[in-house]
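J.: If you scroll down you'll find the structure; I have some questions about it.
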Amino acid sequence: MKQIGMSILAVAALSSTAAIAGGDVEPASPPAEVSAVKSEIVKRKLKGDMVVEYNVLPGSTDSLTGMFQDGIFYGRLRSNTFYWDWDHETWDDVAKKGNLDNKNMGLGGSLIFKSASLNGFSFTAAYYGSMNPDFWRLDADEIAGAKAGKDTFSRYDVLKRGGYGGGMHVLGQAYLQYQNDMFDIKAGRQLFESVFTASNDTKMIPNTFDGVAVAANIADKTSARVAYFAQQKLRDHTSAHDVVTFKDKNGESWNNNDDAPVHKGLSYANFLAAGEDPDHELIVADVKTKIIPNLDATLSFLSVPGVVNDIVAEAHYAVPFENGWTLRPGIRYFHQMDDGGGDIAGYTNLTGKAATGYDAGVADSLDSSLFAARVDVMMPEKKGFFRLGYSQVEDKADILAPWRGFPTGGFTRAMAQYNWYANTKTYMARVAYKFTPEFDVSLRYAIQDFDDDKANVQADSNVWHLDAVYKFTPNFYMKGRVGLVDADTDSGKADVSYNEYRLEFNYLF
């Protein structure tokens with residue numbers, strides 16, 4: 001394993017930065033309050049997980065032309081640079097498989113237009129693009145070796161045209177919206193942040209969903225949402241695809257849901273072989289309340305009919321002290337119920353390989369659960385926090401979660417880690433601190449204890465993850481990230497140790 005100290009110095013040299021949020025999910029936020037102010041310099045800002053938060057939104061108008069004239073454009077220039085360094089490369093140049101040290105870069109940005117509101121109706125349209133400079137990318141025939149940087153381009157498009165070409169250019173958001181004092185309704189391609197789903201906009205293009213979402217204020221300090229999505233478009237895709245099916249009718253892995261933690265046993269061919277439809281819908285609902293002082297509580301539901309149903313209960317309680325410090329414990333319980341997906345996937349786990357080491361009575365079922373807990377000690381004046389987190393997955397099925405809302409996010413998940421295989425325990429310690437209004441840093445350490453008896457689950461590992469964020473101006477961000485993974489191969493499993501480095505720039509206008 002390479003020197004941890006050298007890598008931390010490397011990220012400090014690359015940036016000066018840090019996002020203290022990272023991974024915390026806020027499932028049922030009420031509709032944003034509309035502002036008519038257009039003269040503000042800072043129209044929007046980036047949260048710690050790079051989700052955009054609007055400070056200025058268009059106001060209302062009394063004409064169709066006014067919807068355009070009084071609308072607002074939001075621009076963003078960005079770059080993302082990645083370098084992934086395996087401790088042990090296993091790349092096969094002939095088969096084009098294995099672990100390959102890799103680098104990728106995305107240059108591009110987005111342009112979003114939000115119209116003014118006419119009688120409560122408005123619309124949003126957003127272009128996103130990503131180009132890949134040839135001096136910092138893999139050869140086209142090596143793209144299967146790309147890791148974190150794969151989301152800066154479309155592997156499917158590169159495969160089909162034999163090169164990177166003109167990059168990715170997509171209609172990333174396109175929806176109609178209706179708002180009043182109680183309801184917020186969106187129909188079309190949209191971002192949807194929840195415990196299950198996320199835009200996860202840490203690369204070049206966000207993860208989006210095509211469908212209808214309705215949010216409502218249903219009681220004092222209580223909101224609810226329900227959404228129906230017919231398709232998903234992952235960050236490295238230029239067209240929408242199914243929400244859960246792996247591979248397409250031609251057996252192409254990169255032209256359907258190829259998210260890293262997708263269940264590869266839920267393939268197009270397996271659905272057809274079972275006489276089932278390979279096209280699916282995603283239904284998400286949640287209720288969030290703050291009616292009890294200092295308590296945030298959320299109940300969430302997800303369904304992919306004919307595959308899986310989920311219920312998640314989450315609560316966080318703040319105990320403030322007179323000296324400005326706050327103790328904030330929190331829990332999450334994730335209950336996964338098989339709805340036919342286990343029969344489709346058969347005796348496989350998330351990898352699509354045999355569920356060797358899984359209990360014979362549950363290996364062909366998606367029934368499972370996950371429990372996570374954390375304790376935050378929050379500093380006065382929002383200067384930072386200390387966190388201890390723990391998660392444990394029941395020794396049944398792996399958790400199905402290919403929608404970029406990470407089941408252990410905000411509790412024990414570190415960058416690029418998927419710690420929701422069956423019978424996995426994870427312990428995390430984290431500290432975040434804002435040194436100045438412009439500069440903040442977050443450091444996490446995770447111990448991931450996977451099941452040694454499960455042949456197709458990765459080896460145990462220890463993870464260091466450093467984030468640093470520096471704001472040159474309120475609109476110009478630089479973010480550096482380092483992930484150091486040290487795998488324990490005593491179980492005889494493959495060595496997945498690596499160091500990963502990321503550098504990101506964002507300019508909002």
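Each reported figure results from applying straightforward, stated rules to the coordinates on display, with no laboratory input. The shown structure was predicted, so the numbers you read here are calculated from the model rather than taken from an experiment. Every residue, glycine as well, gets a Cβ built from its backbone with ideal geometry; the counts of neighbours run over all protein chains shown.
J.: Once every DSSP H run of n ≥ 4 in the chain is given -39500 (n - 2.57) and the sum is divided by its residues, what mean residue ellipticity at 222 nm do you get, rounded to the nearest 500 deg cm²/dmol?
T.: One gets -1500 deg cm²/dmol as the mean residue ellipticity at 222 nm.
J.: Related question: List the GluC sites (Glu not before Pro) within region 296-396 that DSSP assigns to loop and that have no more than 10 neighbouring Cβ atoms inside 10 Å.
T.: Of the GluC sites (Glu not before Pro), the ones in loops of region 296-396 whose Cβ has at most 10 other Cβ atoms within 10 Å are E322.
J.: Under a point spin-label approximation (7 Å from Cα along Cα-to-Cβ), what is the Q69-D452 distance to one decimal in nm?
T.: The modelled label-to-label distance comes out at 7.4 nm.
J.: Follow-up. Based solely on C-alpha atoms, express the radius of gyration and the Dmax of region 119-272 in angstrom.
T.: 17.7, 57
J.: So for region 52-156, averaging the separation of alpha carbon pairs under 8 Å that are six or more residues apart and normalising by length, what relative contact order in percent results? Walk me through the numbers on the way to the answer.
T.: Numbers: 202 pairs, mean separation 31.5, N = 105.
Over region 52-156, the number comes to 30 percent.
J.: Using a 7 Å offset from the Cα along the Cα-to-Cβ direction at both R161 and T489, what is the distance between the two label points in nm, to one decimal?
T.: Taking the two extended label points, one gets 3.9 nm.
J.: List the residues of region 387-401 whose backbone N lies under 20 Å from a point placed 7 Å from the Cα of A274 along the Cα-to-Cβ direction.
T.: From region 387-401, the list is 396-401.
J.: A further question follows. Calculate, in nm to one decimal, what W136 and L171 gain on full extension: separation in residues at 0.36 nm each, minus their alpha carbon distance.
T.: Additional length available on full extension: 10.0 nm.
J.: Calculated FRET efficiency, L327 and E438, Cβ-Cβ r, R0 25 Å, to nearest 0.05?
T.: 0.35
J.: Run the Debye formula on the Cα coordinates of region 244-322, all scatterers equal and no solvent, and tell me log10 I(q)/I(0) at q = 0.19, 0.23 1/Å.
T.: So the normalised log intensities are -0.83, -1.03.
J.: Relative contact order of region 77-229, please, whole-number percent, based on alpha carbon pairs below 8 angstrom and at least 6 residues apart.
T.: Once divided by the residue count of region 77-229, the mean separation gives 20 percent.
J.: Would you kindly state how much longer the chain becomes between Y507 and L388 on full extension, computed as 0.36 nm times their sequence separation minus their alpha carbon distance, in nm to one decimal?
T.: Residue separation times 0.36 nm, minus the Cα-Cα distance, leaves 39.5 nm.
J.: What is the distance in Å between the Cα centres of region 396-455 and region 181-205?
T.: If you average the Cα positions of each part, the centres end up 22 Å apart.
J.: Take K288, K221 and order them by how many other Cβ atoms sit within 10 Å, fewest up front.
T.: K221, K288
J.: I need to check one value: relative contact order of the chain, counting alpha carbon pairs closer than 8 Å and at least 6 residues apart, in percent. Can you show the working numbers first?
T.: Working: 1427 pairs, mean separation 77.8, N = 509.
Reported as a whole number, the value is 15 percent.
J.: For region 403-447, list residues with backbone N below 18 Å from a point placed 7 Å from the Cα of A318 toward its Cβ?
T.: Counting only backbone N, you get 432-434.
J.: In whole angstrom, note down how far apart the Cα centers of region 331-373 and region 295-321 are.
T.: One Cα centre to the other: 19 Å.
J.: Would you mind computing Rg(Cα) / (2.2 N^0.38 Å) for region 193-336, counting N as its residues?
T.: Here the answer is 1.27, to two decimals.
J.: To continue, here is another question. Over the alpha-carbon set of region 355-509, work out the extent along each principal axis and list the three values in angstrom, largest first.
T.: Each principal axis gives a Cα extent; for region 355-509 these are 57, 30, 30 Å.
J.: Please report the base-10 log of the normalised intensity I(q)/I(0) for the chain, using a Debye sum with one equal scatterer per alpha carbon and no solvent, at each q in 0.07, 0.12, 0.13 (1/Å).
T.: With one equal scatterer per Cα and no solvent, log10 I(q)/I(0) is -0.37, -1.22, -1.49.
J.: For region 170-255, take every pair of Cα atoms, bin their distances at 5 Å starting from 0, and report each bin as a whole percent.
T.: P(r) over region 170-255, rounded to whole percents: 3, 13, 22, 21, 17, 11, 6, 3, 2, 1, 0.
J.: Tell me, in nm to one decimal, what length is gained between K97 and D85 on full extension, where the rule is 0.36 nm per residue of separation less the Cα-Cα distance?
T.: 2.7 nm
J.: Taking just the C-alpha trace of region 424-494, give me its Rg and Dmax in Å.
T.: 16.7, 51
J.: Follow-up question, since we're still on this one. For region 64-174, evaluate the Debye formula with one uniform point scatterer on each Cα (no solvent term) and list log10 I(q)/I(0) at q = 0.11, 0.12, 0.17, 0.20 Å⁻¹, rounded to two decimals.
T.: -0.48, -0.54, -0.81, -0.99
J.: I need the calculated FRET efficiency for the pair F476 and S60, taking r as the beta carbon distance and R₀ as 30 Å, to the nearest 0.05.
T.: Details: r = 31 Å, r/R0 = 1.05.
Computed FRET efficiency for F476 and S60 comes out at 0.45.
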